[in-house]
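A quick write-up on the structure given underneath.
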Amino acid sequence: MSQDFKLNIDRMLEFEPAKHEPVQNDQQTNYIEAGHYRNLCFLWPEGRKLFLSYSYLISCEHLPEDACINLEFTAYTVQIRGVQLEPLFFLLMNQHARVIACSDARYNAVQNVGHIVNEIIATKKE
């Protein structure tokens, strides 16, 4: 048997719960690791941001004739308008979309994304 061998009981006896080590400031305000809770963040050109949890998403409807996606959350209704929104619809369905950023329609020709969002209307339910 190795001389460095220690039983788990030795580790337990070495643990001092009363001993308090100072925690760095970063660990007090932020989690060290990301959780498995998925959120959807909406960004507007003027800097406004809103995130909503996928767990509160009730339904998502793609209306290609109106070029929009309607998202129904428990506390919000979000309407997304843009171009080629079908790929975004499937990203939302599989909870893969993390950030949906709104851009000005005059930049539609130069964007290299599968979908282009030109307007986001988020309305809080009463």
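Rule-based calculations on the coordinates, nothing more; no lab input. Keep in mind that this is a model prediction, so the values were computed, not measured. Don't worry about glycine lacking a Cβ; one is built from the backbone with ideal geometry, like all the others, and counts go over all protein chains shown.
Tell me, what ³J(HN,Hα) does each residue in region 51-60 have, in order and in whole Hz, if you take phi through Karplus 6.51 cos²θ - 1.76 cosθ + 1.60 with θ = phi - 60° and put x for Gly and Pro?
Karplus values, whole Hz, x for Gly and Pro: 10, 10, 7, 4, 5, 9, 7, 8, 8, 9.
Pick out, in residue order, every one of the trypsin sites (Lys or Arg not before Pro) in region 71-120 that is DSSP loop and has at most 13 other C-beta atoms within 10 Å; say none if there are none. Can you show the working numbers first?
Values: sites: Arg81, Arg98, Arg106; in loops: Arg98.
For trypsin sites (Lys or Arg not before Pro) across region 71-120 that sit outside H, G, I, E and B with at most 13 neighbouring Cβ atoms in 10 Å, the list reads Arg98.
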